[in-house]
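Have a look at the structure below before the remarks.
The values are calculated or read from the model by the stated rules, or taken from the named source; none is laboratory data. All of these numbers come straight from a predicted model, not from anything done at the bench. Glycine gets a Cβ as well: all are built from the backbone with ideal geometry, and neighbour counts include every protein chain shown. Ligands, DNA and RNA are stripped out before the accessible areas are found, and what is left, the full protein with its side chains, is counted by its heavy atoms. Shrake-Rupley method; radii C 1.70, N 1.55, O 1.52, S 1.80 Å.
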Amino acid sequence: MPRRGVVDARAVAHQVLVRVETTDAFADVLLADRLARAPMSAVDHALATRLVYGTLAWQGRLDHHLKGLVRMPLADLDPPVRAALRLGLYQLLFLDRVPAYAAVHASVGLARAAAGAGAAGLVNAVLRRAAGAGGDGLPLPNPAADPLERLAIEWSHPRWLVERWAAELGRDELPRLLAANNVRGPSAVRANRLRTSRDALRAELAAARVAARPSVWAPDGLAFQGEASQLVTTLLALAPGDRLLDACAAPGGKAVQAAALLEGRGLVVALDRRPGGVRRVRDEAVRLGAACVEAAVGDARRPPFARPFDAVLVDAPCSGLGTLRRHPELRWRRRAEDIARLAALQREILAGAAPLVRPGGVLVYAVCTLAREENEDVVEWFRTRHPAFVLEGPALSPDLVTPTGYLRTLPHRHDLDGFFAARLRLDSRASLR
C-alpha cells in the first residue's frame, strides 16, 4: 500500500489511461500534469510513466488476449474497468519485476474504486486466469494463415496501418519498425544558441549530475523537442538578416530554433490559426529570449501577408504516425480515411504559402508521418503545379536522405521519430505572385 499522502503509481496510470480513452487528450500532457501534482518518488514516477506508455503501446495485443479471457465484449465494459484489465495484463505479460499478485491486486482495487464489487470480481477472475495461463497460454494468430494479422497483433498496431506500411515500406523492414514503435525513444533537448552553446549546456547538466551526450544527427541537440524535429529547421539554411514565415507555428519550437539560427538578427513570423496556439508561441519566444519572433493569427491556406519571405516553413498538420513512440495512443485514434483528408489539407497549405517565397528563396515542407500520401505524394503534386520550385537535397548525413533527395528518419533505422521533409528552391527568375 502507498504511504499516506503519497499517490500510487498505478492509480495515476489508471486515471491517465481512462482520460486518454474517453477524451481527445494526449497521454504525455495528461501524465506530465498529473506527475507534477502528485507526491511521488522518482521510482514511482518512472513506473507510472512506463505503465501509461506501455499499456497504450501494447493495447492491441492486450485486447486480443482479453477477448479470449472476458466472457463479454470488451466494448461493453465501462472504460475504468477496461483500463484496469489492460493495466493489469500489461504488467503480467511485460513487466517481469512486478509480482503477479501485485499486478492483480492493484487492478482489482482500481476496478472496485471505480465501479464497485462486481467489477472488482470480474477483474480478479480475468487476471487470475491470465496469470495462470502465462505467456504460452495466451496464443497469437498463426503467421502461416495470415502474416499481416500476426504482425498486427504481435506488435500491437491496427491492421490497416500494418497493411499500408507493408505496401509502402516493404515487408522486410516491417517487423523492426513495428517493434521500434513500442519502445520509448530517447529524449533530446536543443541548446538555445541565443543564450548558450551545446558544450556549455552539457557542462551545466553534468554539474547537476545529469548525463547527456551530443545528438547523433542534430547539431545543437543533446540526447537524453525530439532530435528529428530539430533537423527540419536546419533545412531552411537561414542566415542572419533573413525573413522566415513559419506557416503552422504552434507550439513554437521550430520558430524559436529558427530565431537562434538567425542569431536574433532577422524576422520570424509565426502564424497559427488558433489564438491559443499564438499565445503558446509568444510564451515560448519570451521564455527562450527569441525577440525576433512575431506571432500572428492567420490561416496558412490564405496567409495575411503581402511582402515575400526569404524562406517559408510548412510544418503541416499530419497524421503523426511517425511519433508513435511518444504518442502511442495515436495508432488507436487514427483511421485510414484520415490520411486522405490530411493530405488534402497539406496540399491546400502548400499552395497557399508558396506565393510568399521570394524568387531564389526556400520552401520547406515537413510532416511527422510515414504515410507516402502525406509525404512524397504531396510534394509531387505541388511540383507538378509549381515547376519553378526545384527539389534540393539537404546537406545532412546520407543516412537520412533518400535517393530522391528527401529527408526521412525512421524509428528502427535511426532511433528517431519518423519525419519527412522536402527542401524546395524557387527559381530566381520566377515569381508566383
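Across the range 366-383, a minimum of one residue is classified as assigned to a strand (DSSP E or B) and in contact with a strand residue (DSSP E or B) (Cβ under 9 Å, 6 or more places away or on another chain).
Taking into account only those residues within the range 152-173 that are among the aliphatic types (A, V, I, L, M), closer than 15 Å to Leu370 by Cβ and at pLDDT 95 or above, which is most open to solvent (accessible area, probe 1.4 Å)?
Let us first name the residues in the range 152-173 that are among the aliphatic types (A, V, I, L, M), namely 152-153, 161-162, 166-167, 169.
Retained after the next criterion (residues that are closer than 15 Å to Leu370 by Cβ): 161-162, 166-167, 169.
Then drop every residue that is not at pLDDT 95 or above, which leaves 161-162, 166-167.
Values: Leu161: 0, Val162: 0, Ala166: 16, Ala167: 88 Å².
Once the filter is applied, the top-ranked residue is Ala167.
Residue pairs whose Cβ atoms lie under 7 Å apart, separated by 6 or more positions or on different chains, with the first residue in the range 153-179 and more than 19 Å from Phe94 (Cβ to Cβ) and the second open to solvent by less than 20 Å² (accessible area, probe 1.4 Å) and charged (D, E, K, R), are Pro158/Arg331; Leu161/Arg331. Of everything in the range 138-151 that is over 17 Å from Leu87 (Cα atoms) and touching a helix residue (DSSP H, G or I) at 6+ places or on another chain (Cβ under 8 Å), the residue that is surrounded by the most Cβ atoms within 10 Å (Cβ to Cβ) is Leu151. Within the range 65-78, the set of residues being surrounded by fewer than 19 Cβ atoms within 10 Å (Cβ to Cβ), over 17 Å from Val108 (Cβ atoms) and in contact with a helix residue (DSSP H, G or I) (Cβ under 7 Å, 6 or more places away or on another chain) comprises Lys67, Leu74. The set of residues from the range 373-399 being aliphatic (A, V, I, L, M), more than 21 Å from Leu416 (Cβ to Cβ) and open to solvent by 60 Å² or more (accessible area, probe 1.4 Å) comprises just one member, Val390. Apart from one condition, Leu62 fits all of (1) open to solvent by less than 10 Å² (accessible area, probe 1.4 Å); (2) within 27 Å of Ala179 (Cα to Cα); (3) over 27 Å from the mean Cα position of the chain (by Cα); the exception is (3).
Quick one: is Pro317 under 30 Å from Arg159 (Cβ atoms) and open to solvent by 40 Å² or more (accessible area, probe 1.4 Å)? I'd like the intermediate steps shown before the answer.
Working: under 30 Å from Arg159 (Cβ atoms): yes; open to solvent by 40 Å² or more (accessible area, probe 1.4 Å): yes.
Considered against the rule, which asks whether it is under 30 Å from Arg159 (Cβ atoms) and open to solvent by 40 Å² or more (accessible area, probe 1.4 Å), Pro317 comes out as yes.
Can you name the residue in the range 341-372 that is farther than 24 Å from Ala395 by Cα and open to solvent by 30 Å² or more (accessible area, probe 1.4 Å) and, of all such residues, is farthest from the chain's Cα centre (by Cα)? Among residues in the range 341-372 that are farther than 24 Å from Ala395 by Cα and open to solvent by 30 Å² or more (accessible area, probe 1.4 Å), the one farthest from the chain's Cα centre (by Cα) is Pro355.
Return the residues of the range 395-416 that are among the basic types (Lys, Arg) and in a loop (DSSP other than H, G, I, E, B); say none if nothing qualifies.
Start the filter on the range 395-416 by keeping residues that are among the basic types (Lys, Arg), which leaves 408, 413.
Within the range 395-416, no residue meets the criteria.
Give the range 174-189 a look and list any residue that's open to solvent by 40 Å² or more (accessible area, probe 1.4 Å) and at pLDDT below 95, or say none. Before the answer, list the steps.
Kept after step one, since they are open to solvent by 40 Å² or more (accessible area, probe 1.4 Å), are these residues of the range 174-189: 175-176, 183-184, 186-187, 189.
Passing the criteria: Val183, Arg184, Pro186, Ser187, Val189.
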